[in-house]
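Worksheet: the structure to be examined is printed underneath.
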């Protein structure tokens, strides 16, 4: 581990961050491209199949992070990082030739190795800086997550241009662009970076695997499953979410998804600084509590609920002699009621007027006719209560952006721990934690797809976030209580 940062350290940080930004932009391509292909019926894919296509590249990146971290500790980051970028360009190019679900899934599995570059970059960045700067510099490197925002923002506009004049097959050019971008970045990385290894280069494989027995590693993995894996999932899932729930055009949905992704990537550097100053535990406590609160708010769906309301019953028996729009006459007794008016006909889901809280409307409607004989306590007028929750798109988007930013801080908080606890095994431990985080990015969209299929509610995804956030918070609090008890016993 270095004792002082140098100009060369900053140079390596720059190229690591730039390469990771490019790799992450490629890794998130399916969020835009699959949504475009499904929306335009180029392929007939079900929600579950779409969830799998979102997750397949993430699965590859997750699986490969562990071996990529070990290879980086053993051989250094220059050749591993550069080689992975160049290798991933091949299946990315082949994606442009896909004509079936199987082919699209197969090629996506191939270029998904771009996601494994995170484990390489973490180790290759860490080796150039002293421990006191680890939180900040790893946060800066992690800001490469903003590559997801670049894809969400730019790819829809590029697709629109490529498919203009009803040239729907023009979508095939987009993967070609991405393949050349990966190839160029890989060559630049190999030319301008210098290789450096950690002390783990002299260890045997069994020695390198020893930290896996530590429960702490798996706790880091659970937290990273949430703050990284779910960030990756929503970077893609929010695009069809905005399209289906709020009927937004793909470009607008891509812009809002980018607004979710970009701050989360950039703020990670700030999260690294906070972790250096206040410690990873305090940062993660704040992150997990906030995640629970916002998830609980976002899980409430956009909904209209109709329920029987207060009606009007006959006080005495008799014959109905008159029925008007707001009264019923039985014998000589007149019963007044509140009919449905024009304001009740207005679409409560319209975003022209922002409604933050649920809105209640009530009205009544006669269910008897002139000449009907009624008994005492018989219902004359039925009541209806309508409760509408708008889940306004702008309020939803703001809360989602805040959530993404909080998770961005959390990503830095988790990786602040690793060089402190495992300074000579950053690549391996970072790889394991990255695998679990990547698996979050893989499984979560699939879970979202099944939840949507089962409940019919897009907001069910946020219900899953609530459960996951609560479990992570409980584990953190549980460990804090156990440590406090031990101190009291001493």
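The values are calculated or read from the model by the stated rules, or taken from the named source; none is laboratory data. None of these values were measured; they are calculated from a predicted model. As a convention, Cβ positions derive from the backbone with ideal geometry for all residues, glycine included, and neighbour counts pool all protein chains shown.
Figures for the structure shown
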| item | result |
| --- | --- |
| Among (1) exposed (fewer than 15 other Cβ atoms within 10 Å of the Cβ); (2) at pLDDT 80 or above, the one test that residue 358 misses | (2) |
| Filtered residues of region 463-477 (kept if within 16 Å of the chain's Cα centre (by Cα) and surrounded by fewer than 17 Cβ atoms within 10 Å (Cβ to Cβ)) | 467 |
| Residue satisfying condition, being at pLDDT 95 or above, assigned by TED's automatic domain parsing to the domain that holds residue 266 and either buried (at least 23 other Cβ atoms within 10 Å of the Cβ) or on the phi < 0 side of the Ramachandran plot (or both), within set 107, 101, 129 | 107 |
| Enumeration of residues in region 327-337 that are modelled with pLDDT of 90 or more and outside any strand (DSSP E or B) | 337 |
| Tally of residues being crowded, with 17+ Cβ neighbours inside 10 Å and at pLDDT below 80 across region 192-205 | 4 |
| Which listed residue, of 61, 83, is surrounded by 24 or more Cβ atoms within 10 Å (Cβ to Cβ) and either within 23 Å of residue 194 (Cβ to Cβ) or under 18 Å from the mean Cα position of the chain (by Cα) (or both) | 61 |
